[in-house]
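The structure appears below as structure tokens.
The values are calculated or read from the model by the stated rules, or taken from the named source; none is laboratory data. Since this is a predicted model, take the numbers as computed values, not measurements. For neighbour counting, all protein chains shown are included, and Cβ atoms are generated from backbone atoms with ideal geometry for every residue, glycine included.
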Amino acid sequence: MLIYNKNDIGGNITKKDERYVVKDNTNLNNLVLSNTKLHPGKKTSGHVHPGQEEIYFFVSGSGLMIVDDEEFKVTTDDIILIPDGKFHQVINTNAHEPLVFNCVFNGIRNH
């Protein structure tokens, strides 16, 4: 299948814990489409992956995104570009609603 929507990217659950549920669609050869549902009041661990750029598309909710030493408020329909090798972390500042975002990155998941 080649058509999806921002709320259902297809794929399989690759990570699931008290913080979030992550699904990856790996139907393409060179890109991965990922969806994260970050639970209320939770945050991702934050990470760096040299040699890999990412694009985050915020689907619903609101929170913060940290990219190196910059902090951005994020909400539905925001797009954040993550340059190669930059630390990044997402924080759901809402105590009642999940923060949902899709992410596109090249290659195999290395985080």
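Of all residue pairs spaced 6 or more apart or on separate chains, those with beta-carbon atoms under 8 Å, a first member in the range 61-73 that is touching a residue at least 24 places away in the same chain (Cβ under 8 Å) and over 13 Å from Gly46 (Cα atoms) and a second member that is in a loop (DSSP other than H, G, I, E, B) and among the β-branched types (Val, Ile, Thr) are Gly61/Thr76; Ser62/Thr76; Ser62/Thr93; Gly63/Thr93.
Going by the structure shown, is Ser34 out of contact with any Leu (no Cβ under 6 Å at 6 or more places or on another chain) and more than 13 Å from Asn92 (Cβ to Cβ)? Spell out the reasoning first.
Details: out of contact with any Leu (no Cβ under 6 Å at 6 or more places or on another chain): yes; more than 13 Å from Asn92 (Cβ to Cβ): yes.
Yes.
Scanning the range 22-44 for residues that are of a type outside the set (Gly, Ala, Ser) and more than 16 Å from Val104 (Cα to Cα) yields Leu38, His39, Pro40, Lys42, Lys43, Thr44. Residue pairs whose Cβ atoms lie under 6 Å apart, sitting 6 or more positions apart in sequence or on different chains, and linking a residue in the range 35-53 that is closer than 23 Å to Asp84 by Cβ to a partner that is assigned to a loop (DSSP other than H, G, I, E, B) and of a type in the set (A, V, I, L, M), are Asn35/Ile9. Within the range 23-40, is even one residue surrounded by 13 or more Cβ atoms within 10 Å (Cβ to Cβ), part of a loop (DSSP other than H, G, I, E, B) and of a type in the set (D, E, K, R)? Scanning the range 23-40 turns up no residue that is surrounded by 13 or more Cβ atoms within 10 Å (Cβ to Cβ), part of a loop (DSSP other than H, G, I, E, B) and of a type in the set (D, E, K, R).
Considering Thr93, Thr76, the condition of being of a type in the set (Val, Ile, Thr), closer than 18 Å to Asp8 by Cβ and surrounded by 13 or more Cβ atoms within 10 Å (Cβ to Cβ) is satisfied by Thr76 alone.
Within the range 96-111, restricting attention to residues that are hydrophobic (A, V, I, L, M, F, W, C) and surrounded by 14 or more Cβ atoms within 10 Å (Cβ to Cβ), which residue is modelled with the lowest pLDDT?
Keep residues of the range 96-111 that are hydrophobic (A, V, I, L, M, F, W, C), which gives 99-101, 103-105, 108.
Those still in the list that are surrounded by 14 or more Cβ atoms within 10 Å (Cβ to Cβ) too: 99-101, 103-105.
Working: Leu99: 98, Val100: 98, Phe101: 98, Cys103: 96, Val104: 96, Phe105: 92.
Here the residue is Phe105.
Exactly one residue out of Gly41, Gly85, Gly51, Gly46 is in contact with a strand residue (DSSP E or B) (Cβ under 8 Å, 6 or more places away or on another chain) and farther than 22 Å from Gly10 by Cα, and it is Gly46.
Small (Gly, Ala, Ser) and either closer than 21 Å to Gly85 by Cβ or without any contact (Cβ under 8 Å) to a residue 24 or more places away in the chain (or both), is that true of Gly10? It would help to see each step written out before you state the result.
Details: small (Gly, Ala, Ser): yes; either closer than 21 Å to Gly85 by Cβ or without any contact (Cβ under 8 Å) to a residue 24 or more places away in the chain (or both): yes.
When the stated conditions are applied, Gly10 passes them.
For Gly11, the test of being surrounded by fewer than 17 Cβ atoms within 10 Å (Cβ to Cβ), over 12 Å from the mean Cα position of the chain (by Cα) and at pLDDT below 95 is failed.
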